[in-house]
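Peer 1: Got a structure for you, written out below as structure tokens; questions coming shortly.
Every number in this text was worked out from the coordinates using simple rules, so none of it is lab data. Note that the structure is a prediction, hence the values are computed from the model and not measured. Cβ coordinates were reconstructed from backbone atoms using ideal geometry, including for glycine residues, and neighbour counts include every protein chain displayed.
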Amino acid sequence: MAINGKIIFAALFGVLYLIFGIAMITSAAIPSLAELTGVYLIPADPAGGFVLCVIGTVFLFACHKLVRGSVDGPAFLYTGMIMSLVFGAVALVSLGAQGIDILLFSEGEESWVPIQLVVPMLYLALVPIIGLITWGRAFLNDLAGA
């Protein structure tokens, strides 16, 4: 059952990361689409979209390897979760920096609404963090035993 959970997890987050990444890239290329995706907290950011597509590809490759029973499938899964964690942390630091900038240097007409600055890289990283905590101990024990 544990391997099926990992396969479903990798497939789900691979697809989610790819959808959000492609949406970010295409909304940067098509300005009228940026207005539509902005409502759903998807900014027009081609670099961020590329990062999300790379993470999604790692998750989908992990899914492929896990389905085939390959021994390196879990390594791809954990790599995707770690990438998600790292880029989510970068997005969180960026959110804090933007908030501090607005609070310290705004001239009063602009108020800080953190929800407007939240990006998919941040909120998509929440569940992989839980997965990394849940499955990470076994992975680290396997690495220590190797």
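Peer 1: Could you tell me which of MET83, LEU66, MET24 has its Cα farthest along the dipole of the chain towards the positive end, charges placed at Cβ (Lys, Arg +1; Asp, Glu -1), taken about the Cα centre?
Peer 2: LEU66
Peer 1: If you don't mind, another one. Among the chymotrypsin sites (Phe, Trp or Tyr not before Pro) in segment 1-76, which ones are in a DSSP loop with at most 15 other Cβ atoms within 10 Å of the Cβ? Mind listing them?
Peer 2: Here the chymotrypsin sites (Phe, Trp or Tyr not before Pro) that fit, given the DSSP loop and packing criteria, are TYR40.
Peer 1: For the modelled label position 7 Å from the Cα of ILE22 along Cα-to-Cβ, which residues of segment 49-91 have backbone nitrogen atoms closer than 18 Å?
Peer 2: From segment 49-91, the list is 49-64.
Peer 1: Plugging the Kirkwood radius over Cα pairs into Stokes-Einstein for segment 1-77, at a temperature of 37 °C and a viscosity of 0.692 mPa s, what D comes out in µm²/s?
Peer 2: Using the Kirkwood radius from Cα pairs, D works out to 254 µm²/s.
Peer 1: Turning to a different aspect of this structure: Counting helices only, and only those DSSP H runs with n ≥ 4, report the 222 nm mean residue ellipticity of the chain as the sum of -39,500 (n - 2.57) divided by its residues, in deg cm²/dmol to the nearest 500.
Peer 2: Rounded to the nearest 500, it is -27500 deg cm²/dmol.
Peer 1: Applying the Karplus parametrisation 6.51 cos²θ - 1.76 cosθ + 1.60 with θ = phi - 60° to the phi angles of segment 54-61, what ³J(HN,Hα) value in whole Hz is obtained for each residue in order, glycine and proline being reported as x?
Peer 2: After applying 6.51 cos²θ - 1.76 cosθ + 1.60, I find 5, 4, x, 5, 4, 4, 5, 5 Hz.
Peer 1: Sticking with this one: Simple spin-label model, 7 Å along Cα-to-Cβ: ILE100 to VAL71 in nm?
Peer 2: For the pair ILE100/VAL71, the computed spacing is 4.6 nm.
Peer 1: Moving on. Percent relative contact order of the chain, based on C-alpha pairs within less than 8 angstrom and at least six residues apart?
Peer 2: 23 percent
Peer 1: Just to be sure I follow: if Rg is taken over the C-alpha atoms of the chain and Rh is the Kirkwood radius over the same atoms, what is Rg/Rh?
Peer 2: 1.07
Peer 1: Run the dipole for the chain about the Cα centre, Lys and Arg Cβ at +1, Asp and Glu Cβ at -1, nothing else charged, and hand back the magnitude in debye, nearest 20.
Peer 2: Once rounded to the nearest 20, the dipole reads 840 debye.
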